[in-house]
Every structure is written in C-alpha cells, then in structure tokens.
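Just below is one structure, and these are the notes that go with it.
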2 protein chains.
Amino acid sequence: MAADPLSRVFAALADPTRRDMVARLTLADATVNELAAPYDISLQAVSKHVRVLEEAGLVSRSRSAQRRPVHLEAEVFDLMTKWLERYRRAAEERYRRLDDVLASMPDGVTPTLPTDDSPTPPEGGARP
Amino acid sequence: MAADPLSRVFAALADPTRRDMVARLTLADATVNELAAPYDISLQAVSKHVRVLEEAGLVSRSRSAQRRPVHLEAEVFDLMTKWLERYRRAAEERYRRLDDVLASMPDGVTPTLPTDDSPTPPEGGARP
DNA sequence: CTCGTTCTCAACCGGTTGGTTGAGCAATGA
DNA sequence: TCATTGCTCAACCAACCGGTTGAGAACGAG
C-alpha cells in the first residue's frame, strides 16, 4: 500500500463520497449504516470507504454492542494544515511579488524574460 | 475525467513526487527538464505529473521559446485551506468537548451524554 | 533547410481502486 | 437456542494510474 501518511490522507480525501462522510462526521459520530443511508451504493462499499478513512487516520472506530461507531479524529487535520500552510504561504508570497512587478509596469508591456537558469523571478501569465 | 475541483486537487497531492515538485516550485518556476532532474523516471512521466498538477489548477504553464516554464498558482491553496479549516475546527471542537466530558467524570462512570439530538451513543475509547 | 533541444501524444502494461455479489462472523433480543 | 441486526471478508470486474517506450510536433540556431 501507499507508504507515507500524507499521501494516504490526501488520497482518502480525493473522493467526494469520503469527503461527504467526513463532513457529516463533524456533526456527530455515526454507524456504518447511518453513514450509508444517503448514498445508493452497497453497505460493503461504504464499509470500504470507512476503512480507507481509518487507514488514513482520519477516523477511528470503537465497539458498542454490534455497532462500530465511526468517530472523526482531529490530529490528522493538523498534519495537513501544517503542510498546506507552509506552501500556501510560499505560493502567496510569490503571487504578491508578481503583482508588484505587474503594478510597476506600463500597460501591456511584456517583461524582459529572465533566463530561467537563474533563480527565476516571476513572469508570466495574465492574471485575471 | 474526475469531476469536482477539490477531488482533483487532493488526488494531485496524494502523490509524493508531485508534492515534491510543488515544494520545489515554491522556490522558483522551472522547466519540465529541470523538474525531472532529481527523479529517475522518464521525462514523459514527469510531463504527465505536471499535467495532473495543471488540471488540478495547482500550476500553470506559459510558453517561452521551446520551454514551457511551470509556475505555481496560489489560488487553489486557498480553496483547500478554506475546506480544511472548516473541518479542522469542527473536529477539534468535538475533540475538546469530549475532553471536557471525560474530565468532569468520576472514574468509571458511564457518561450521560451531552446527547446531541443525534442517535449516536458515542462512547470513548478504552475498549480492550 | 537541417539539426538539436524540449516537450507532448499514443499505445501499452501491471497494480490499485471503487464498485459489485455472496458468504459468514458476532452480539442481542426473543 | 435461534433468528435478526450490523458489519466484514473474499472474489471478482471495469476503470484508472504511474510507469514504460517510440514517434513526432514546435521552436531556435547554424
């Protein structure tokens, strides 16, 4: 199976059904049956989805009678947030730098293109 | 191809090679060849990865001579951050609530659950 | 025009994924 | 004890994914 935690989390959330489950689990824990209700796929398919979420560390299951209530875990969200925040900030910074360049430029002038073997200063696309 | 934007973004980031590319693109734009350098996979494979990132809106390409410099886009990170933040907060809140319940509980007492209207008899963890 | 460089398209392959159906375990209520 | 409820395991299938190789488009330099 796919090695690292981050990959598993992202992969788990790449499915809309699974994201919907996560959304509903923020409101309350739920059994597999409850989770399955809104979708018209088999119970087994839902069970598989839950398993994927579990292996990604996004949810945990306990046992209460025959039920296996599914519970959303917060920790992994922190992991993601941390990863995301780092790159979001970097990307935004570069974005802002680009804005500065554009702002200081007379209308419609194509910037002198930097040779890209240098640490590439921004250049590029018409931003909406 | 897979419908919604969020799914595409998560799927794109579920691959460690692609995440590494994103990381490097926060430092500077890069050509496909430059991106390919560190990995020992074919150039075509790298090209495919870039395509996936592009279709997810994480990256854009302009044209400069034969080169197609790859540029990191910030916007999609905001989309993700927004999604994430919403659920992270919710998950954390529920987590804290559980802590409160546990803290205010004499040892071994079955909690009268703050039963949110939901049919969820949640029940904490210590199940052998 | 021809050559080299950069990159993409197309076809293919093995493994994974999202779904199915069928069988079956485990706990409870009767 | 036994049927019911809640869920999982196993086998299977079509579609997709990450990788390969081979061919070739687009562009700039001589």
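Each reported figure results from applying straightforward, stated rules to the coordinates on display, with no laboratory input. Computed from a predicted model, the values in this text were never measured in an experiment. Cβ atoms come from the backbone with ideal geometry, glycine included; neighbour counts cover every protein chain shown.
Observations on the model:
- Karplus-derived 3J(HN,Hα) values for region A:51-60, using 6.51 cos²θ - 1.76 cosθ + 1.60 with θ = phi - 60°, are 4, 4, 4, 5, 5, 7, x, 7, 9, 10 Hz; glycine and proline are entered as x.
- Here the Karplus curve 6.51 cos²θ - 1.76 cosθ + 1.60, taken at θ = phi - 60°, turns the phi angles of region B:5-13 into couplings of x, 4, 4, 4, 5, 4, 4, 4, 8 Hz, with x standing for Gly and Pro.
- When the alpha carbon coordinates of region B:5-73 are projected onto the principal axes, the ranges are 33, 25, 22 Å, largest first.
- Computed from label points 7 Å out along Cα-Cβ, the spacing between B:LEU79 and A:GLU85 is 2.3 nm.
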